[in-house]
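Mind having a look at this structure? Questions to follow.
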Amino acid sequence: MSSKFNIKPNPADDEEYLDCVCDLMSHEILWSMENYRQHAGTSCLDHSFNVSYISYSICKRLNLDFSSAARGGLLHDLFLYDWHEVRSYGRHGFTHPGLALRNANKYFDLNKLEKEIIKKHMWPLTIVPGFHIEVFVVIFTDKYCTFMEILRFYKQRIVEYF
């Protein structure tokens with residue numbers, strides 16, 4: 001288990017969350033996401049755990065399908081490249097959901113909602129929105145986590161500068 005989770009409480013301490021994602025966490029392809037930078041100083045793996053656990057927590061509180069939210073959130077960015085280095089000419093935001101879904105389908109058995117979460121998580125860039133509340137929870141959690149990861153990085157840089 002990675003000890004670099006950025007959110008509190010630590011998902012490693014939540015047995016019900018771990019039950020939802022344990023089969024994903026047992027696969028090396030998930031852990032390879034640690035090798036790719038996502039936002040500022042956050043790895044793709046840590047970002048995905050942040051999105052997954054917060055989405056799980058929100059959906060659980062709202063009596064929604066928290067397991068699918070946790071799993072879809074964990075796999076939503078399984079595109080397996082550093083988008084800062086690959087010349088995608090600004091298309092990454094539009095294309096990576098499809099690639100993440102292809103990769104997730106290759107390595108894991110997913111239900112329809114998990115697939116929808118992965119495929120639609122970049123709405124409105126994906127044009128067609130999701131049909132389930134859980135999809136929107138992951139969409140907005142992804143945006144929130146991205147903002148917080150970038151803010152934390154730049155806040156640290158400003159403090160270090162002065």
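Out of region 104-157, which residues are at pLDDT 85 or above and over 17 Å from residue 51 (Cβ atoms)? Lay out the reasoning, then the answer.
Taking region 104-157 and keeping what is at pLDDT 85 or above, we get 104-120, 131-148.
Scanning region 104-157 gives 105, 106, 107, 109, 111, 112, 131.
Just the residues that are aromatic (Phe, Trp, Tyr), over 15 Å from residue 141 (Cα atoms) and part of a helix (DSSP H, G or I), please, taken from region 25-64.
Pass one, region 25-64, residues aromatic (Phe, Trp, Tyr): 31, 36, 49, 53, 56.
Then keep just the ones that are over 15 Å from residue 141 (Cα atoms); that gives 31, 36.
Across region 25-64, the qualifying residue is only 31.
When the residues of region 1-29 are narrowed to those that are over 16 Å from residue 43 (Cα atoms) and among the small types (Gly, Ala, Ser), which ends up modelled with the lowest pLDDT?
The qualifying residue modelled with the lowest pLDDT is 12.
Could I ask something else about it? Modelled with pLDDT under 95 and either under 16 Å from residue 52 (Cα atoms) or assigned to a helix (DSSP H, G or I) (or both), is that true of residue 160? Please lay out each step first, then the result.
Working: modelled with pLDDT under 95: yes; either under 16 Å from residue 52 (Cα atoms) or assigned to a helix (DSSP H, G or I) (or both): yes.
Spelling it out, residue 160 is indeed modelled with pLDDT under 95 and either under 16 Å from residue 52 (Cα atoms) or assigned to a helix (DSSP H, G or I) (or both).
The values are calculated or read from the model by the stated rules, or taken from the named source; none is laboratory data. What you see is a predicted model, and the numbers here were worked out from it, not measured in a lab. We place every Cβ from the backbone using ideal geometry, glycine too, and count neighbours over all the protein chains shown.
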